[in-house]
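The values are calculated or read from the model by the stated rules, or taken from the named source; none is laboratory data. Keep in mind the model is a prediction, meaning the values are calculated, not measured. Because the Cβ atoms are built from the backbone with ideal geometry, glycine has one as well, and the counts that use them run over all protein chains shown. Note: areas computed on protein heavy atoms with side chains; ligands, DNA, RNA excluded. Shrake-Rupley method; radii C 1.70, N 1.55, O 1.52, S 1.80 Å.
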Amino acid sequence: MLNAVASWSGSAYLAPGKRFNFYPAVSAAWIASNETFLKGLKNLDMMKLSASFGSSGWDGNLSHELFLPSFGSTGAQGYYFSDGTYSYGVEEGVLPVEHLVPEKITRVTGMLEIAAFRNRFNVTANGFYEKVDDILINASSVVSSILGVGSGKQCAGRNDWMGTDMELSWNDVRGDFEYGAYANVSYLTSRIVEDGQEFQRYDYLYHKGNPVGQCYGLEADGFFNDTRDIKNTVTHTFATVKPGDIKYVDQNDDFKITEEDVVPIGHSSIPEWYFGFGFNLGYKGLKLSAQFQGCAGVTVNMLDSPLYKPLVGNTTLSETFLEMEVPWSQLTADIATVPRLTTLSNANNYRNSSVWYRDGSFLKLRDVTLSYTFPKRWIRIADMELWVKGTDLFSIDALGLIDPECIRASYPSLRTWWAGVK
């Protein structure tokens, strides 16, 4: 089987006369189980191989009139006229984006599908490679500031994505008893090829080659114990440090902690692994089902939670926070997990670092349902079903205090039970 698709689509974000682009795609499939040499496999019901290649566009990072020059009075000089009126002049803004185009996604996929044992057993496996070109990025890496005016942006970025996923399932009926189970897993990886980052003095500061969404921050080396410890440590430039503040590693050995000591920490904020599994059981009118879902290879930032800046700005201090974390004090210096408590903002402590980055992996019971359908002959006028259902009943994760999926929420996640009759 062969299939071809051609799309001619446009965006109002692009310049008139250049708003439409052509996006072709082609796919092919081969049902190998129809071939003579596989007809003899008794338990094989279907085997299908397929592949596709195509391109598409995305304008989600664009905005209106990027292709036009801009002018404004912000920062421009002014003049007092004879009547005392002060009027601003107009100055040139950032340069327009030349050759403005939407992001172009080119994708190659391959898939294998198998059904066996009278379609009770099913397998689906596929993989893909995706290249995203023409990403709108800052032009600072290719345009010098000597230009004297803001250089705007360019459609010159590129990211590469690769991944694979597999799903297995088994469903069967034996008399009045029916059952089934499934499992799936997906792996996703990415790489920044070009992001417009300007020149960096140290190789570890470049983002190229790292995953999309990689977490960056300072590497913590414990907490300052006393004033002597502060004097014997390299200078921390973000704020005047005190005992109980976070101590950082000097990555470039220049005897001071600055933005040039920021390094990749943990994984990306985009999970590398997604997985799930579940089952369903049924006997006559009684049915039970459950679905589990999770992810792994993902890093979250606890500073995104309102609970992790306690007391700052006259906010409250959560008792649950104190049960999970140990703020530094003279009595807890050996077991502290977070810096000292303070009501003041602290530019040294509350910045991205290994203290706040945590493993965001989890496994959740998404859904469990128990139901019973009474036969129509019992009720006479209709079938009747009684059911009870639970959602997000528990989560196995490394955070404990906060739902890894809802870091920014100021309220707990909900465990919900439903009961009903139909």
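If the condition is being part of a loop (DSSP other than H, G, I, E, B), closer than 26 Å to Pro404 by Cβ and in contact (Cβ under 8 Å) with a residue 60 or more places away in the chain, then the range 341-359 contributes Asn346, Asn349, Arg351, Asn352, Ser354, Val355, Trp356. Among the candidates Gly222, Gly209, Gly196, Gly213, single out the residue that is surrounded by 18 or more Cβ atoms within 10 Å (Cβ to Cβ) and at positive phi. After ruling out the rest, the residue left standing is Gly196. Looking at the range 383-403, can you tell me whether even one residue there is within 26 Å of Gly217 (Cβ to Cβ), part of a loop (DSSP other than H, G, I, E, B), over 29 Å from the mean Cα position of the chain (by Cα) and not β-branched (Val, Ile, Thr)? No, every residue in the range 383-403 fails to be within 26 Å of Gly217 (Cβ to Cβ), part of a loop (DSSP other than H, G, I, E, B), over 29 Å from the mean Cα position of the chain (by Cα) and not β-branched (Val, Ile, Thr). When the residues of the range 403-421 are filtered to those that are of a type in the set (Gly, Ala, Ser) and modelled with pLDDT of 95 or more, the one that is least open to solvent (accessible area, probe 1.4 Å) is Gly420. Screening the range 145-199 for residues that are among the aliphatic types (A, V, I, L, M) and under 24 Å from the mean Cα position of the chain (by Cα) and picking the one that is nearest to Asp134 (Cα to Cα) gives Ala156. When restricted to residues that are part of a strand (DSSP E or B), under 18 Å from Leu386 (Cβ atoms) and open to solvent by 80 Å² or more (accessible area, probe 1.4 Å), the range 278-296 contains 3.
Condition check for Asn225 on (1) touching a Gly at 6+ places or on another chain (Cβ under 9 Å); (2) in a loop (DSSP other than H, G, I, E, B); (3) within 27 Å of Gly400 (Cα to Cα): one failure, at (3). Inclusion of Lys242 among residues that are in contact (Cβ under 8 Å) with a residue 60 or more places away in the chain and out of contact with any strand residue (DSSP E or B) (no Cβ under 9 Å at 6 or more places or on another chain) is warranted.
Residues that are within 19 Å of Lys287 (Cα to Cα) and open to solvent by 60 Å² or more (accessible area, probe 1.4 Å) within the range 380-402 comprise Asp383, Leu386, Trp387, Lys389, listed in sequence order.
In the range 68-80, of all residues being over 33 Å from the mean Cα position of the chain (by Cα), open to solvent by less than 100 Å² (accessible area, probe 1.4 Å) and of a type outside the set (S, T, N, Q), the one that is farthest from Ala15 (Cα to Cα) corresponds to Gly78. Listed here are the strands (runs of 3 or more DSSP E) enclosed by the range 74-159 that have at least 1 residues being at pLDDT 95 or above: 103-116, 121-138.
Residues that are farther than 30 Å from Glu98 by Cβ and touching a residue at least 60 places away in the same chain (Cβ under 8 Å) were ranked within the range 116-164; the one that is least open to solvent (accessible area, probe 1.4 Å) is Ala116.
When Leu341, Leu317, Leu322 are checked against the criterion of being over 30 Å from the mean Cα position of the chain (by Cα) and aliphatic (A, V, I, L, M), Leu341 stands alone in meeting it.
When only residues in the range 358-367 that are more than 19 Å from Gln214 (Cα to Cα) and surrounded by fewer than 18 Cβ atoms within 10 Å (Cβ to Cβ) count, which is nearest to the chain's Cα centre (by Cα)? Checking each candidate, the answer is Leu363. Scan the range 86-101 for residues that are open to solvent by less than 90 Å² (accessible area, probe 1.4 Å) and within 19 Å of Phe20 (Cβ to Cβ) and the total you get is 3.
With the structure loaded, tell me whether Phe275 is over 21 Å from the mean Cα position of the chain (by Cα), crowded, with 17+ Cβ neighbours inside 10 Å, of a type in the set (A, V, I, L, M, F, W, C) and at pLDDT 95 or above or whether it fails that test. Considered against the rule, which asks whether it is over 21 Å from the mean Cα position of the chain (by Cα), crowded, with 17+ Cβ neighbours inside 10 Å, of a type in the set (A, V, I, L, M, F, W, C) and at pLDDT 95 or above, Phe275 comes out as no. If the condition is being of a type outside the set (Phe, Trp, Tyr) and open to solvent by 40 Å² or more (accessible area, probe 1.4 Å), then the range 255-270 contributes Lys256, Glu259, Glu260, Pro264, Gly266, His267, Ser269, Ile270.
Filtering the range 24-67 to residues that are hydrophobic (A, V, I, L, M, F, W, C) and open to solvent by 80 Å² or more (accessible area, probe 1.4 Å) leaves Trp30, Phe37, Leu41, Phe53, Trp58.
Before we move on, is Val26 more than 21 Å from Ser169 (Cβ to Cβ), assigned to a loop (DSSP other than H, G, I, E, B) and touching a strand residue (DSSP E or B) at 6+ places or on another chain (Cβ under 6 Å)? So Val26 does not fit the description; no. Note on the range 229-272: among residues that are more than 27 Å from the chain's Cα centre (by Cα) and part of a helix (DSSP H, G or I), the one that is farthest from Tyr187 (Cα to Cα) is Lys231.
Among the residues of the range 320-357, those that are open to solvent by 60 Å² or more (accessible area, probe 1.4 Å) and not β-branched (Val, Ile, Thr) comprise Leu322, Glu323, Met324, Gln330, Leu331, Asp334, Leu341, Leu344, Ser345, Asn352.
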